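To keep things clear, I will list the structure first and then write my remarks on it.
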């Protein structure tokens, strides 16, 4: 019953944002995100703690500005997700444009599968959606939402144009099959993990327990790892779906050392994007929750 009530409370907002013209929907989505920012002090505390850990050199005012920018980014993305049913191959360029598409083409041509390295950054929900709309469906590694009704809705939106969801709890088998078929998989690898699925690498100079699955699969299958991020470009008034050049994997013959080195490399790519666009990353997630043995909690 509680889940039904939660869904009933959220659905009108989704419907309204989906009906409104895009500029108004974005404004409404941002306003809604700001309401959440104001009403949830715990999220603000987590966000400010993360920003203090990542940017000790910045002032409190600078960190507050970044955190407010994050909620603006989340609200903007919410509006776009609500508009998913309206987007077509003919009009999606009004919202998202490719940047570096040739890097994806080169990776796909190798025929061993493409692993998209990405994060909860910018318009991450638009990445796979836009790519599938252009005829390039992919697999998305994701954990289901706790609310089953909202999860069904989000899954329907994500898979409208051929994308497939790979459950986070059983992703190895799904990824191996996708790589064998030469397909593409998107992996958000910026969330806190726990051993043994996660290993510790530095993120902003602080040990962060990080998913090692992408490195393990890439080393095992020779799939190409391509960084892919959907960045809001204020000058364009659009998102740029940016594909960078494929990463060269570390291969020394020591598997565990290579997994460690490549997971660190992937995390550094994410950190570089966050440093460049700090107001587009999900600061309200407790990224450093899991600590190495003997270290005190950070939250």
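Observations
- Shape category assigned to region 164-299 from the gyration tensor of Cα positions, a/c cut at 1.5: oblate
- Summarised in one figure, the compactness ratio Rg/Rh of region 172-229, Cα atoms and Kirkwood Rh, is 1.00.
- Inter-centroid distance (Cα atoms) of region 171-193 relative to region 43-109, Å: 22
- In region 1-47, the inverse of the mean reciprocal separation of distinct Cα atoms equals 12.1 Å; this is its Kirkwood hydrodynamic radius.
- Semi-axes of the equivalent ellipsoid for region 72-121, Cα gyration tensor, largest first, Å: 26, 15, 10
- Region 201-275: C-alpha gyration tensor shape, a/c 1.5 cut-off, then a/b vs b/c: oblate
- Enclosed volume per residue, in Å³, of the convex hull spanned by Cα atoms of region 129-189: 81
- For region 19-104, the direction-averaged projected area of the alpha-carbon convex hull comes to 8.0 nm².
- Under a Gaussian network description of the chain, with springs only between Cα atoms under 10 Å, the residue in 91, 103, 192 that fluctuates furthest is 91.
- Descending by average beta-carbon neighbour count within 10 Å, the peptides 260-267, 122-129, 232-239, 106-113 line up as 122-129, 260-267, 106-113, 232-239, the highest first.
- Size estimate for region 2-280 follows the Kirkwood approach: the inverse of mean 1/r over distinct Cα pairs works out to 19.7 Å.
- Helical mean residue ellipticity (222 nm; -39500 (n - 2.57) per DSSP H run of 4+; nearest 500) of the chain: -15500 deg cm²/dmol
- q = 0.09, 0.16 Å⁻¹: log10 I(q)/I(0) that the Debye formula gives for region 67-206, counting C-alpha atoms only: -0.30, -0.99
- Against the empirical 2.2 N^0.38 Å (N residues), region 232-297 has a Cα radius of gyration ratio of 1.50.
- Cβ crowding within 10 Å averaged over residues, with 212-224, 144-156 ranked highest first: 212-224, 144-156
Every number here is computed from the coordinates shown, using simple stated rules; none is lab data. What you see is a predicted model, and the numbers here were worked out from it, not measured in a lab. Because the Cβ atoms are built from the backbone with ideal geometry, glycine has one as well, and the counts that use them run over all protein chains shown.
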